[in-house]
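Each remark here refers to the structure printed beneath this line.
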Amino acid sequence: MNTKFSLLIILFLQVLFLACKTTDKALNTEAIAPSSFRNADENSQADSAGIALIAWREFFNDAILQRLIDTAIVHNMDMQLAIKNIEAAQQTLKQAKAGYLPDVNLQVSANTTRPSDNSLNGLSLNQFLGSKHIEDYTAALALSWEADIWGKIKNQKAAALAGYLQTEEAKKAVQTQLVSYVAQGYYNLLMLQAQLKIAQQNLALNDSTLNIIKQQYDVGEITLLGLEQAEAQRLAAASLIPDFEQQINIQENALSILSGKLPEAVATETTLDKIEIPQNLTTGVPSLLLSRRPDVKRAELAVVAARANKQYAKASMYPSLTISAQAGVNSFKASNWFNIPASLFGTVAGGIAQPILQRRQLKTNYKLAEIDQEKTVIQFRQSVITAVGEVSDALIALDKLEEKQSIALNRTSKLQSAIHNADLLFNTGMANYLEVITAQSNVLQSELELAQIKKAQLVAMVDLYRSLGGGW
């Protein structure tokens, strides 16, 4: 009879195991990268590596910019928070790795009980021990261990590992953004300094013209209207200087804050026109984005973590096998507490617990984990699309800004020639003051626009570097 009962128990456990075995259909998490970037020429993608593999110290060779980026990486508050998140994730991962170990507790207790004299225990104590109370002293080690039959601990560990790796990618993402922000801010500072110099030179030119017009007004060659228009033009040029000085200070403050420092001046050793844009900004193959872009990699790891959490939620609905043991010393007299081996005791137990009815909580947790996994897959695919789009945007910006710069350079050259001719004609009386003022105004706007275009090109270059996953 005992043999038949044992066989029935084994058969029941086998059927239960087969019923609980996971047969989830894996989600298609593949994010297909395009064969080529839009707006990229063939030579740009011929190099499978691309500029993303260039270290930022080599990509940005300006010593001041390198120092600013270095300081920002060390002292920026967002970077410090990202590092702390990594440390926290490390602790969670260590805890998950210890999931296979049993729980061990040391239990030491001492108690005394005084039952009622009219109770059965009270009468028994008086009869057999001649005492009205009973004492109990115990010192024991208790052990509890759950067999990882359905992979609950394994999936907890997998989810923790993916979470840790996500924090690593988050730190890289913060650094790529930080490098980009510092570089863009630095180039904007150089542009503002160039525009300030242009405004100062234009103001000096306006002063020179105004002096000539004043002399002509004194001798009656032009009217008061002409003098007032020249003075208004000079004031318009002068008003640009405090505006650029204000923007320079604000940009310096922003760079200081990015570097984790209080606002201060930023010394520069170069000018905007001396910064060269590399001609061969290779993008590499688009599939490289999946391994180089920290945000894309983080989204991919989120899918891994969600899958592990779903498996854990499903395993929670299955039976759990727990083995427990306890051993130590026990005595109802303090004097005999550590009388070895008479006071030694030990127990071993094993049990299977199958959740039956928990108000649908376990099933709901599983369904929510399943939905969360599907969401992470969608987010991963969206991150790939966004990354590819950012690369394409940077490429078209570089292409069209190069065309725009060529036009602006030609226009500025012609306007500079025009202002020279206008000055000669004005001095010989063959051109009036309006032509001179108009020429000066046009040159000012064209030179300021040329500085803006150069800065926009540098920003597009930085955007391309960041969007390809460079900077960490």
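Where a number appears in this text, it was derived from the coordinates with a stated rule and is not lab data. Computed from a predicted structure; not experimentally measured. So basically every Cβ, Gly included, is an ideal-geometry build from the backbone, and we count neighbours across all protein chains shown.
Rounded to the nearest 10 degrees, what's the angle between the helix 361-427 long axis and the longest principal axis of the chain, both from Cα atoms, 0 to 90? Roughly 10 degrees, rounded to the nearest 10. Taking 7 Å steps out from each Cα toward its Cβ at GLN66 and LEU123 produces label points 9.6 nm apart.
Cβ-Cβ distance of ILE340 and ALA98, R₀ of 30 Å, FRET efficiency by 1/(1 + (r/R0)^6): the value works out to about 0.40.
P(r) for segment 238-377, from all Cα pairs and a bin width of 10 Å, is 9, 13, 13, 14, 14, 13, 10, 8, 5, 1, 0 %, short bins first.
Here segment 113-215 is treated as a sphere whose radius is the Kirkwood value from Cα pairs; by Stokes-Einstein at 10 °C and 1.306 mPa s it diffuses with a coefficient of 67 µm²/s. Output the 0 to 90 degree angle, nearest 10, between the alpha-carbon long axis of helix 152-218 and the longest principal axis computed from the alpha carbons of the chain. Taking Cα atoms only, the helix is inclined about 20 degrees. What the Cα atoms of the chain give is an Rg and a Dmax of 39.1, 139 Å.
Relative contact order, whole percent, for the chain stands at 26, derived from Cα pairs under 8 Å and 6 or more residues apart. As I understand it, the dipole of segment 94-253 uses +1 on the Cβ of Lys and Arg and -1 on the Cβ of Asp and Glu, about the Cα centre. Which of ASN118, PHE244, GLN193 lies farthest toward its positive end? Final value for the positive-end residue is ASN118. A straight chain from THR386 to GLN354 at 0.36 nm per residue would run longer than the Cα-Cα distance by 7.0 nm. Counting every other Cβ atom within 10 Å of each residue's Cβ, PHE244, PHE60 order from fewest to most as PHE244, PHE60. Where in segment 339-357 does the amide nitrogen come within less than 17 Å of the point 7 Å from the Cα of ASN330, taken along Cα to Cβ? So the set is 339-350.
Taking 0.36 nm per residue of sequence separation and removing the Cα-Cα distance, the SER208/TRP145 pair yields an extension gain of 13.5 nm.
One quarter of the convex hull surface built on the alpha carbon atoms of segment 63-150 amounts to 13.3 nm², the projected area averaged over directions. Each residue of segment 223-230 was assigned a 3J(HN,Hα) from its phi angle through the Karplus curve 6.51 cos²θ - 1.76 cosθ + 1.60 (θ = phi - 60°); the sequence is 8, 5, 4, x, 5, 5, 5, 5 Hz, with glycine and proline shown as x. Measuring gaps between exposed loop sites in the chain (GluC sites (Glu not before Pro); DSSP loop; at most 16 other Cβ atoms within 10 Å), the longest gap, sites not included, is 277-472. With neighbour counts taken as other beta-carbon atoms within 10 Å, the residues LYS454, LYS261 rank, fewest first, as LYS261, LYS454. Residue-wise HN-Hα couplings along segment 304-313, as the Karplus relation 6.51 cos²θ - 1.76 cosθ + 1.60 with θ = phi - 60° gives them from phi, are 4, 5, 5, 5, 5, 5, 5, 5, 5, 5 Hz; Gly and Pro carry x. For segment 308-396, the extents of the C-alpha atoms along the principal axes are 89, 35, 17 Å, listed from largest to smallest.
Solvent-free Debye calculation, one equal scatterer per alpha-carbon of segment 176-328: log10 I(q)/I(0) at 0.17, 0.21 Å⁻¹ equals -1.07, -1.23. For the residue pairs LYS94/LYS297; LYS97/LYS375; LYS172/LYS455; LYS261/LYS404; LYS172/LYS363; LYS84/LYS363, alpha carbon separations beyond 29 Å are given by LYS261/LYS404; LYS172/LYS363; LYS84/LYS363.
When THR283, THR386, THR412 are arranged by Cβ crowding within 10 Å, least crowded first, meaning fewest neighbours, the order is THR386, THR412, THR283.
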